[in-house]
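A short write-up of the structure that comes next.
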Amino acid sequence: MGCGRVGAALTVQLAKGGHSVAIIDKREDAFDRLPPGFEAKQVVGLGFDRSVLHEAGIEDAWAFVAVSNGDNSNIVSARVAREHFHVPRVIARIYDPRRADIYERLNIPTVASVRWAAQQIQFLLFHGREELKETFAGGALLHLQLEIPDHLIGKPVASVEAPGAIEVVGVDRGGSGFIPIEGSTFQHEDVGHFVVARDSMDQLDILMTPVAE
């Protein structure tokens, strides 16, 4: 819901990734932000109107993202998606960070407009809130907590790092932990604490994915 700059960018990114996307906005001319010929389903109306949500196909939706320019509209539509339609993953943007507690009590992850953009919303959609521990430096850096996949067991910690973009700052291991040094390797059931530059999320995904034989 919301075809502003973030909503339009997120719609295009998800569609390019092969996902089926519908976008809702109360103003038809808002869809002018989408590229010419772009074929995502466009629905004119209010994102908390159940008939509008039906038209957008919410019964089949895996996720709902509310990024309109109004906090109240976002929270109401997010609640309808979560509580009435039982959409598995719901995310809402807020302008007033003081309202974040309201969303948290409803178990709705939030992203603050001044610190987040479409790329971070995508991370929450596909990785989950439990993996994102915090953001800092005005949202330019993310602290992620990720389970180390089996194919990296025995591999150097440095194999998932990139200078100036991705760094493993700590490893949880068997109820204890350590700060990696040169030569440190991963073991079974390790959990890594990563600091990642905002624009390096795709690079991290590549480093964490097994190479095809």
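Coordinate-derived values only; no laboratory data. No experiment lies behind these values; they were computed from the predicted model shown. Reconstructed Cβ throughout: ideal geometry from the backbone, glycine too, with neighbour counts over all protein chains shown.
Observations, loosely collected:
- With N counted as the residues of the stretch 141-208, its alpha-carbon radius of gyration over 2.2 N^0.38 Å works out to 1.01.
- Each residue of the stretch 44-49 is assigned a 3J(HN,Hα), and the resulting list reads 8, x, 8, x, 9, 7 Hz, derived from the Karplus form 6.51 cos²θ - 1.76 cosθ + 1.60 (θ = phi - 60°), x at Gly and Pro.
- Over the stretch 1-99, the ratio between the Cα radius of gyration and 2.2 N^0.38 Å evaluates to 0.99.
- Computed from label points 7 Å out along Cα-Cβ, the spacing between N72 and R105 is 1.8 nm.
- Computed FRET value (nearest 0.05) for A162 with W62, which takes r as the C-beta separation and R₀ as 25 Å: 0.25
- The order of the peptides 165-171, 20-26 by mean Cβ neighbours within 10 Å, most packed first, is 20-26, 165-171.
- Amide hydrogen proximity for K26: with H placed 1.01 Å from N in the peptide plane, the residues at 5 or more positions away or on another chain lying under 5 Å are G45.
- Here each label is just a point 7 Å from Cα along the line to Cβ, and for R5 and D32 those points are 1.7 nm apart.
- Net length gained if the chain between K155 and L207 were fully extended (0.36 nm per residue, minus Cα distance): 17.5 nm
- Full extension of the segment from A140 to I181, taken as 0.36 nm per residue of separation minus the current Cα-Cα distance, would add 12.3 nm.
- Nearest-0.05 FRET efficiency for H86 and V191, computed from C-beta distance (R0 30 Å): 0.50
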